[in-house]
1. On a 0 to 90 degree scale, rounded to 10, what angle separates helix 103-112 from the longest Cα axis of the chain?
2. May I ask you to evaluate 6.51 cos²θ - 1.76 cosθ + 1.60, the Karplus curve with θ = phi - 60°, for each residue of the range 75-91 and list the ³J(HN,Hα) values in order in whole Hz, giving x for glycine and proline?
3. Using the Kirkwood radius over Cα pairs, work out the Stokes-Einstein diffusion coefficient for the range 51-127 at 10 °C and 1.306 mPa s, in µm²/s as a whole number.
4. Calculated from DSSP H runs of 4 or more alone, at -39500 (n - 2.57) each and per residue, what is the 222 nm mean residue ellipticity of the chain, nearest 500?
5. Sorted from largest down, give the three principal axis spans of the alpha carbons of the range 2-95, whole angstrom values.
6. What do you get when you divide the Cα radius of gyration of the range 18-64 by 2.2 N^0.38 Å, with N the number of residues?
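Since every read-out is calculated from the coordinates, none of them should be taken as a lab result. Because the structure is a prediction, the values reported are computed rather than measured.
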Amino acid sequence: MQNDLAHMVAERCIDYYYEKIQEENLRKYNRIQKRKELRMKKYKTCGFVCILFILILMCMVLLQMETKVRNQSERVAYLQTELNSVINENEDTKKRLMNMTDYEWIEQEALKLGMCYPSEKNVIYYEIPKDDYMIQTEEIPGKEEK
């Protein structure tokens, strides 16, 4: 009986010892799992922060590009108005130059060079057909070849 009692006490001690080891292993396992979870949460947080940083950077680049486009559009509009004013100024200058032509001086210079007004025999009239095109079959009278 004493032997059985010793066996029973020994078995209980062994069971208690294994239960303690199992509880300790379970605590270690839970601790390791919590560390893994914390590490995964840190990685996820870092990933989210990186993605957020990249999104903010992309937004800043887009805003900068939008600003450049707007500035260039304003510059184009300014240059377009400047071009229109220069074109108008050129047209006015052409009109003034055309009005400044001195026909008397041209006539005097032409007379000095031996030119004169054409007479009736120098003017030749011919009729042009109303077709879309014309084929020349003979020389035009009065036209000299060079």
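1. With rounding to tens, the tilt is 60 degrees.
2. Using θ = phi - 60°, the values come out as 5, 4, 4, 4, 5, 5, 5, 5, 4, 4, 5, 5, 4, 4, 5, 5, 5 Hz.
3. Working: Rh = 19.2 Å.
Calculated translational D: 83 µm²/s.
4. Numbers: 2 runs with 108 residues, N = 146.
Taking each H run of at least 4 residues, the total per residue is -28000 deg cm²/dmol.
5. 137, 8, 7
6. Numbers: Rg = 20.2 Å, N = 47, 2.2 N^0.38 = 9.5 Å.
Relative to the 2.2 N^0.38 Å estimate, the range 18-64 comes out at 2.12.
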